[in-house]
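For reference, the structure is listed below as structure tokens.
Nothing in this text is a laboratory measurement; each read-out follows from the coordinates by a stated rule. Because the structure is a prediction, the values reported are computed rather than measured. Reconstructed Cβ throughout: ideal geometry from the backbone, glycine too, with neighbour counts over all protein chains shown.
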Amino acid sequence: MICVKDLVKTYKGGAVKVLKGISLDICDGEFVVITGASGSGKSTLMNVLSGLEKPDSGSIVYDGDNISEMNEQQLTVFRRKKVGFIFQHYYLLSNLNVIQNVKMGADLTGNKDYNEIIEKVGLTAKCKNRISELSGGEQQRVSIARALAKKPNYLFLDEPTGALDESTGRNVLDYIVRLQRENGFTMILVTHNLNIAEMADTVIKMNSGEICVRYKNTTKKSAYEIGW
Amino acid sequence: MIVGIKDVFKLVGVIIVVFCAIFVCTFFLNFYIDAKSLELVLNDEELLALHRAQMATAKFTCAISGGVLMLIALVMLVFYIKLYIDSHAKQLGILKAMGYTEREIALRFSVFGISVFFGCAAGFGCGFAIMPLIYSQMSNGLPEITIGFHPSVLVLFVILPTLIFSAFACVYAFFALRSPANELLRGKPEKLSKKPLKVSEKERGFLKEMCIKTLSSKKSLAFFVAFACFCFAAMIQMAVSMYKLSTKTMGIIIFAIGAVLAVTSILMAITSLVNGNSKNIAIMKAYGYSTKECALAVLRGYHFFALLGFAVGTVYQYVLLSVMINIVFKDVGAVPEYSFNVSVFFITLAVFIVFYEAVMLLYSFRINKISLKQVMEEN
């Protein structure tokens, strides 16, 4: 369970207020989509929630641990143990091959069964290929495998389909949602694509650093049913 | 337009190495020219032997130190240009896509010759400034030698290197820019490796893999790390020996040059290593790897080359001094015995370990400051 209270984040010495007192609760195993226009603060919210950045004030409590009070070392340990990331630009280690990239996540938690995850994302045939030899969709699948290989409790996704074409994007989203259901981790996805919100349990819409709308989907659509 | 005058000052490494080379060469070659005529007036056999030994030392040091250091400067220049082209590939690709030819763009790289000019001019000036002291010590026992200004030395050590390095920068850039515009814009496709993974490779942990890959993708940096440690070992130990064998001034000069070259090379190598891997480090940190783990993954592979450089430097200084004492100065009386100084070796090794670890610690702080946000903003 993640409990966020009165979260404030500013830049440029307080001149730019990006998050203006955000409060929200996220249940274990929930799929949350945070959406909003560019500059609404959704990516900053994700960075702060995942422990990549520290908030100016407010609290973020993960199962009793307030990460807003942690120092850099404690945050590193927190991310190591609990968090996985999938980014729009993949951020794979280009000088390594698929297995080596997946091992980056797996080694953190001593997971030796990373080959299973590579198989799950359909990259067994290309596991020895270098990153530059893969298509965008395949690279994103490596990024998914890397994130899942560390068996995270919380998976953060920043525009995971932003750099993909429609067909690949749908396939990738389908993979992620299926894997989330199988593994039961909490998933927080940031996107400007409102259609993706139809797949989530909970949707949070942000505007100018504040949550303007928050609702739960009664019926959820699959990646192949949503508009693009 | 790309490559401006401000880029000249980024080649600090080249400026310092060229400075050291020209500084040493200037006073040795000037001494050689000024003292050469003494041979005709010296009647005493012992003085003649001392004079010949000093002439040989001047010629030998000028050729070896100057030659080697200029070669290192050339390698550094190539390294800088390659780094510049890699980090500005997109801008260069746009210029090529717009219709600028390789020749037009490459010509702009001649600006890097100005760095060499700065190093040469400063080295020449300082070499001249220290000449009275060097002359008085080197002519010890010989008739007084007057310092003369030789325009040919100025041309050889300031004008010529500037022109050669400028031309070399253009030629190298011309060939380096021959990739198609599209390749510069999108990045060069990596060579396919068809070699199957070995069993041991499968079992290696991620950090070890990362360490090996970083080393294999930045091989040239291993040379600079080894060179830095070579300079440290050779020049510091040699400086202590020169303090006893020759003069305090020579000892201090060699010590200073050794320290400057070692610090410059190692900082340059590790800076480019950390900068070149900042994206990987940021991702690793985001995933929960500690600063120490990131530093080890990126820097650990170079430790062997550091030790290798130190070992080669130690052997080099011993052989060089043995040759100088036993061959060049063999006919000169009152030259002290030279043998390998074990205590100096261990002290230098201890200082080297402290120095090397301090550099690693410094870069750990730098790695600690790399954030994923910064990398994301660059995209």
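Which of B:LEU71, B:ILE81, B:ALA97 sits farthest toward the positive end of the charge dipole of the protein assembly as shown, with +1 on the Cβ of Lys and Arg and -1 on the Cβ of Asp and Glu?
Going by the charge dipole, the pick is B:ALA97.
Apply the a/c threshold of 1.5 to the C-alpha gyration tensor of chain B and tell me whether it is rounded, prolate or oblate.
It comes out oblate by the Cα gyration axes.
Summing -39500 (n - 2.57) over the DSSP H runs of n ≥ 4 in chain B and dividing by its residue number, what mean residue ellipticity at 222 nm do you reach, to the nearest 500 deg cm²/dmol?
Theoretical 222 nm ellipticity from helices: -24500 deg cm²/dmol.
Between A:ASN195 and A:ASN71, what is the FRET efficiency for a Förster distance of 60 Å, r being their Cβ-Cβ separation, to the nearest 0.05?
0.90
Taking θ as phi - 60°, what are the ³J(HN,Hα) couplings along the stretch B:37-42 by the Karplus curve (6.51, -1.76, 1.60), each to the nearest whole Hz, with x for Gly and Pro?
5, 4, 3, 6, 9, 7
Taking H as built 1.01 Å from N, whose amide H comes closer than 5 Å to the amide H of A:ILE86, not counting residues under 5 places away?
A:PHE156, A:LEU157, A:ASP158
With a Förster radius of 56 Å, plug the Cβ-Cβ distance of B:CYS126 and A:ASP56 into 1/(1 + (r/R0)^6) and report the FRET value to the nearest 0.05.
So the FRET efficiency works out to roughly 0.60.
Specify the inter-centroid distance of the stretch B:14-91 and the stretch A:152-203, based on alpha-carbon positions, in whole Å.
64
Calculate, in nm to one decimal, what B:TYR316 and B:LEU71 gain on full extension: separation in residues at 0.36 nm each, minus their alpha carbon distance.
That pair, B:TYR316 and B:LEU71, stretches by 86.5 nm at full extension.
Can you tell me the length gained on complete extension of the stretch B:ALA167 to B:ALA97, counting 0.36 nm per residue apart and subtracting the Cα distance?
The span from B:ALA167 to B:ALA97 would gain 22.7 nm if fully extended.
Find which of B:ALA286, B:SER265, B:LEU308 sits farthest along the positive direction of the dipole of the stretch B:204-379, computed with +1 on the beta-carbon of Lys and Arg, -1 on that of Asp and Glu, about the Cα centre.
B:ALA286
Can you list the HN-Hα couplings for the stretch B:124-130, worked out from phi with the Karplus curve (6.51, -1.76, 1.60; θ = phi - 60°), rounded to whole Hz and with x for Gly and Pro?
Residue by residue, the stretch B:124-130 yields 5, x, 5, x, 5, 5, 8 Hz.
Which entries in the list A:LYS54/B:LYS208; A:LYS128/B:LYS90; A:LYS54/B:LYS285; A:LYS12/B:LYS285; A:LYS112/A:LYS150 go over 19 Å, if you measure between the two C-alpha atoms of each?
Among A:LYS54/B:LYS208; A:LYS128/B:LYS90; A:LYS54/B:LYS285; A:LYS12/B:LYS285; A:LYS112/A:LYS150, the Cα-Cα distance tops 19 Å for A:LYS54/B:LYS208; A:LYS128/B:LYS90; A:LYS12/B:LYS285.
So which of A:LYS20/A:LYS221; A:LYS17/A:LYS81; A:LYS126/B:LYS292; B:LYS244/B:LYS330; A:LYS5/A:LYS205 end up more than 28 Å apart by C-alpha?
Distance filter (> 28 Å) returns A:LYS20/A:LYS221; A:LYS17/A:LYS81; A:LYS126/B:LYS292.
What ³J(HN,Hα) values, in whole Hz, does the Karplus curve 6.51 cos²θ - 1.76 cosθ + 1.60 give for the stretch A:46-54 when θ = phi - 60°, with x put for Gly and Pro?
Result, rounded to whole Hz: 5, 4, 6, 4, 8, x, 7, 10, 9.
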